[in-house]
1. What are the radius of gyration and Dmax of segment 52-152, computed over its Cα atoms and given in Å?
2. Less than 11 Å Cβ to Cβ from P338, Lys/Arg counted +1 and Asp/Glu -1: what total charge do the surrounding residues give?
3. May I ask you to order 339-349, 367-377 by the average number of other C-beta atoms within 10 Å around their residues, highest value first?
4. Quick one, can you get me the convex hull of the C-alpha atoms of segment 158-397 expressed as volume per residue in Å³?
5. Regarding segment 91-236, what is the average projected area of its C-alpha convex hull, in nm²?
6. Compute the separation of the alpha-carbon centres of segment 67-115 and segment 291-350 and state it in Å as a whole number.
7. Tell me the label-point distance for the pair V282, Y297, using the 7 Å Cα-to-Cβ offset, in nm and rounded to one decimal.
8. Calculate, for R358 and R90, the FRET efficiency according to 1/(1 + (r/R0)^6) with r their C-beta to C-beta distance and R0 41 Å; round to the nearest 0.05.
Amino acid sequence: MRTSARMRWQLAVQSGVFVALLAVLVALLAWVAHEFRIERDVTRAARNSLSAATISALRQMQGPARVTAYAIRLDTGGANIHKMIGERVRTYQRAKPDLELRLIDPREQPKVAAEAGLRTPNALVIEYQRRSEQIPLNEFNEQNFANALVRLLRGANNLVLWLDGHGERRLDGAANHDLGNFGGQLREKGFSISSLNLGVAQEVPANAALLIISQPQVELQPAETEKLLAYIDRGGNLLWLMDTEPLRGLQPLGEKLGLVLTPGTVVDPALAPDRGPPVFAVAANYARHAVVGALQYNTLFPHARQIGADDSAGWRVTPLIDVAPRGWVETGKLDAKPVFDKTRDFPGPVNIASAFERTVGDREQRVIVVGTGHFLSNSFLGNGGNLSLGVGMLNWLSGDDALVTVEARPAADTRLDIDGVHLYLIAFVVLLLLPLAFAVTGIAVWWRRRNAV
């Protein structure tokens, strides 16, 4: 069949229209892809997405913020450092569109870099409401970035004092029973920490956001206890980490709070260790309260005591944490296999932490009493959600209810636990069996082809 000139012209027009429409479609798709971004994080631990806590911190920032990255444009390997920073910061900009990013090469603008007062040659400077924080570029990750945001959000009310001079746990101590690691985390969250010796100081300073009391090892003098009571009467906030030992001069403080304390240690036979008595208690369920409401991990409480309170003392009391639903408070001698005695022991579940609130003048006073200081010690801080719980307590006590702690999420999909037997089996298969199978298969194919010729 012969094609006429008219037919050829129509086919050419149709082809031209098709190509034009295809080009328009590709351009529209390119525009949509540029204007609208849809992502889905399929990693098991969602490591490539911002946590809800980080997003919350970004959205709490009222008004614009700026991130200035001081870094060379191209490294020695030719990689575009500015492009990499832009891609990482873009994740935060999607949560906060008015987060501005500036990229400055110190070699091209040395005067601007010098005026920034950088502590390291390559750094990120985050600015918000005339305050700034610096992060070394090699330490730029979600944890450090979110901590910087929290420090910027936290106001001047950030002084945390701990009672010292009586053998208490220290927030700057390195011993196993001390709270040095916790104190370091508080600095990361924007708190200033300092010790307070009431044997020397006239009173608890009025500019303190809160006071931490851990278990004293010697008796407080009556004058020191009076200074603590005066601090409470003025509306001061308090975190009291109370071990199973005697109160050693702090009895009047317990009476002021209306504490009802029972002797003994919480035991949970379901968590019996290999050796020694079962003095570890795990909390998995918490009260509906700002301190514990956002906790997602279990918390571990060694050597805990029961905390009760009398509501008639003028405080609004909220029991925060119950442990040992199948355990009890052992008032007798602790041994490897304790037995519940219904005539003297107290059955579980056992409350080991309570929050106290009341109004003093025009301010809201807050106190938390925990029946153990071990859970924040250097030995046990890394267990489960202990750190999150401790920082949450400090945030609530200092009035920063909205501030959050951002946990480093485990890379659950990159962890592989293999015992020795399976490791040797894998080595045998990969290093011996598979190469031998390939060799035998190759020889068989060669022999077959040779005989077929």
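Values in this text are rule-based calculations from the coordinates and carry no lab data. Please read all numbers here as calculations on a predicted model, not as lab measurements. Cβ atoms come from the backbone with ideal geometry, glycine included; neighbour counts cover every protein chain shown.
1. 13.3, 40
2. On the way: positive: K333, K337; negative: D268, E330, D335, D341, D345.
Net local charge, P338 excluded: -3.
3. On the way: 339-349: 13.8, 367-377: 25.9.
Per-residue mean Cβ counts within 10 Å order the peptides as 367-377, 339-349.
4. On the way: hull volume 30.0 nm³, N = 240.
It comes to 125 Å³ per residue, whole-number rounded.
5. 12.1 nm²
6. 51 Å
7. 1.4 nm
8. Details: r = 46 Å, r/R0 = 1.13.
Computed FRET efficiency for R358 and R90 comes out at 0.30.
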